[in-house]
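Read through the structure below, which is laid out as structure tokens, and then see the notes.
The values are calculated or read from the model by the stated rules, or taken from the named source; none is laboratory data. Quick caveat, the model's predicted, so the values are computed rather than measured. In this analysis, Cβ positions are derived from the backbone assuming ideal geometry, glycine residues included, and neighbour counts consider all displayed protein chains.
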Amino acid sequence: MEFSIARVLAAAAGGSALLFRQLFDADTGTYTYLLADVANGQGVLVDPVFEQHPRDLSLIQELGITLVASLDTHAHADHITGSWLIHEATGCAIGLAAAARAENVNLSLQHSDQVAFGNRNLEVRATPGHTDGCLTYVLDDQSMAFTGDALLVRGCGRCDFQQGNAHTLYRSITEQILSLPDHCLLYPGHDYTGRTVSSVAEERAFNARLGGQANERDFVGFTQNMKLPHPHRIAQALPANLRSGKPREQQDAAPAWGPVQRSFAGLPELAPSWVAEHRNELTLLDVRSSDEFDGPDGRLPESLLIPLPEL
Ligand SMILES: N[C@@H](CCC(=O)N[C@@H](CS)C(=O)NCC(=O)O)C(=O)O
Ligand SMILES: [Fe+2]
């Protein structure tokens, strides 16, 4: 099938100039965001999850995106970031707040920095309180903001470890997030009940901890009494995230015999051109039925037939 990557990217963006995808890790309730400038294919990934690296990489490769940076909103306590893996695979920068003091960060971010991708950019806003190094990334036209765990849909991040502070979080949310335009869409770092997005006007009105008439005292009282159990992977996640998700020992999951890649559909695949070039070194197994093998679609020369039910 003939296709051009630029056309696939433009179509994937639904005809808009910005490609935007929200991805989900069901194990930890974590959202990962992919943004790309359709005009030139440059993009950023926000808060990737280590275990979802094959999914993220194959989507980026299939859409022909040149990843400029993998940005974490903070040093997560509940899951390991995929930033190191995507950096290794694509050469993109790893962005995190300087305040997080993590290793392997080559885009050390401060309040009011900008991260450009193509002709678009994300403005960096320091929103400490859940951790002392939390950042919110605001899209250049203020139509969307990625709040990490500073502000969740109808809630907010906990403040009971990683230098958390409920007073600081209240100021971060009110001064840096809810000061954005009413229509600005707010994309959280997590949701545990399936909500995907909110808006400034909605959270100002309905956030359970600081919306409506609630004041700083209400917020601090609520936040200091959440009494949540610690994230169950905190002991593993925190040290790993202070290395930006770099494994202690180099993991070599890819088979050595060929450039196998996982498609976004999750299938391990080889490029047809590579198979053609290495035809003499490979045994090709055709797992269709014998009717299909002998049928009008044809078959690859010297391939071996073992129908899937018999394999
Ligand atoms: N049950 C989750 C814990 C999730 C958790 O504590 N999440 C943090 C964000 S890293 C939080 O601030 N949660 C706020 C909330 O659940 O309301 C796990 O074990 O991973
Ligand atoms: Fe968090």
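Would you mind stating whether SER172 is under 25 Å from the mean Cα position of the chain (by Cα), crowded, with 19+ Cβ neighbours inside 10 Å and closer than 25 Å to GLN22 by Cα? Steps first, please.
Numbers: under 25 Å from the mean Cα position of the chain (by Cα): yes; crowded, with 19+ Cβ neighbours inside 10 Å: yes; closer than 25 Å to GLN22 by Cα: yes.
Yes; evaluated as a whole, the condition is true for this residue.
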Right, THR223: outside any loop (DSSP other than H, G, I, E, B), modelled with pLDDT under 95, polar (S, T, N, Q) and within 13 Å of ligand 1 (Cβ to nearest atom) or not?
yes
Search the stretch 237-275 for residues being surrounded by 10 or more Cβ atoms within 10 Å (Cβ to Cβ) and either of a type in the set (Ser, Thr, Tyr) or over 22 Å from LEU57 (Cβ atoms) (or both), and hand back the single one that is nearest to ligand 1 (Cβ to nearest atom).
LEU238
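Here is a yes/no grid of residues against (1) in contact with a Leu (Cβ under 6 Å, 6 or more places away or on another chain); (2) surrounded by fewer than 20 Cβ atoms within 10 Å (Cβ to Cβ):
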{"site": "PHE3", "(1), (2)": "no, yes"}
{"site": "ARG7", "(1), (2)": "no, yes"}
{"site": "GLY14", "(1), (2)": "no, yes"}
{"site": "ALA39", "(1), (2)": "no, yes"}
{"site": "VAL49", "(1), (2)": "no, no"}
{"site": "ALA69", "(1), (2)": "yes, no"}
{"site": "THR81", "(1), (2)": "no, no"}
{"site": "GLY95", "(1), (2)": "yes, no"}
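For HIS111, state whether it is surrounded by 18 or more Cβ atoms within 10 Å (Cβ to Cβ) and either more than 13 Å from ligand 1 (Cβ to nearest atom) or in the same structural domain as PRO48 (by TED's automatic domain parsing) (or both). Spell out how you get there, then give the answer.
Numbers: surrounded by 18 or more Cβ atoms within 10 Å (Cβ to Cβ): no; either more than 13 Å from ligand 1 (Cβ to nearest atom) or in the same structural domain as PRO48 (by TED's automatic domain parsing) (or both): yes.
It is false that HIS111 is surrounded by 18 or more Cβ atoms within 10 Å (Cβ to Cβ) and either more than 13 Å from ligand 1 (Cβ to nearest atom) or in the same structural domain as PRO48 (by TED's automatic domain parsing) (or both).
Restricting attention to the stretch 26-74, which residues are within 16 Å of ligand 2 (Cβ to nearest atom) and more than 9 Å from the chain's Cα centre (by Cα)? Even if it seems obvious, please write down each step before you answer.
Keep residues of the stretch 26-74 that are within 16 Å of ligand 2 (Cβ to nearest atom), which gives 27-33, 46-50, 71-74.
Answer for the stretch 26-74, where residues must be within 16 Å of ligand 2 (Cβ to nearest atom) and more than 9 Å from the chain's Cα centre (by Cα): ASP27, THR28, GLY29, PHE50, THR73, HIS74.
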Take the conditions away from ligand 2 (no atom under 16 Å from the Cβ) and either within 21 Å of ALA100 (Cβ to Cβ) or touching a residue at least 24 places away in the same chain (Cβ under 8 Å) (or both) and apply them to PHE222. Does it pass?
no
Here are ALA276, ALA237, ALA271, ALA253: which of them is at pLDDT 90 or above and touching a Pro at 6+ places or on another chain (Cβ under 9 Å)?
ALA237
Look at HIS183 and say whether it is in the same structural domain as ALA150 (by TED's automatic domain parsing) and within 16 Å of ligand 2 (Cβ to nearest atom).
no
